[in-house]
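Heads up, the thing below is written out as structure tokens.
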């Protein structure tokens, strides 16, 4: 597995790079695997591939604060990211790991590795719902600090997610509506009562991710032209970011 520790200047380019790495692996080597770690320098809202923006996001509040709304190619619901939210992505080979074609197994495998590396420092870290990682409090309530999603293609899987450690949590309340679908463990709690920052530094989180996904070397180059094409064709366009299928969002 190779690593890429690159953050690009814009939210659109950063989302495009995750997808470009998946497409690049598909086109080059069925056994290639990659790890990317990055952190957006500015706040952004990222909705899932099938999200309806009007149902999940307060678009007016985002516009008032100059926070862009973008759509990723993987599933799941809307998230808010930015400074204090570490992002990671792994591109995994089905030839090397055929068991990951089972989506539930993929979630458990990737997040299980992350939990195993965080647990020595955070003994109450656990998996939550389908694709969350949480801290368990003394009252047994679970507070989410990591949301994750995946995209499967022919020979590879892209798995990526968030790790809150010094994030402005008020932005989540400001930008996101209460989700219509919630994991049982959320128990209808507000964003403020449901999410939390980890009591760890960015450096400590980077070390945990690197330990979960040992790499051999730095990726010598990354697919710049493909990133630019994806930004132009998808991630900079309202008809990709704000529209679900052919139906304009009722926002």
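Derivation of every value follows stated rules applied to the coordinates shown; laboratory data play no part. Source: prediction; values computed, not measured. Ideal geometry is used to build each Cβ from the backbone, glycine not excepted, and the neighbour counts take in all protein chains shown.
Looking only at Cα atoms, what is the convex hull volume of the chain per residue, in Å³? The partial results should precede the final answer.
Numbers: hull volume 30.8 nm³, N = 251.
Roughly 123 Å³ of hull volume per residue.
Of the residues 173, 162, 196, the one that moves most in a GNM of the chain with alpha-carbon contacts below 10 Å is 173. With Cα atoms defining each centre, the range 1-53 and the range 95-117 are spaced 19 Å apart in the structure. A Gaussian network model of the chain, with springs between Cα atoms under 10 Å, assigns the largest mean-square fluctuation among 157, 200, 171 to 200.
Segment residue 121..residue 102, full-extension length gain: 3.8 nm, with 0.36 nm per residue of separation and the alpha-carbon distance subtracted. Modelled label positions at residue 50 and residue 29, each set 7 Å beyond Cα in the direction of Cβ, lie 3.4 nm from each other.
Most mobile of 204, 106, 16 per a Gaussian network model of the chain (Cα springs, under 10 Å)? With Cα springs under 10 Å in the chain, the top fluctuation among 204, 106, 16 is at 204. Reducing the range 58-86 and the range 160-223 to their Cα centroids gives an inter-centroid distance of 13 Å. Hull volume per residue, based on the alpha-carbon atoms of the range 1-127 and their convex hull, is 136 Å³.
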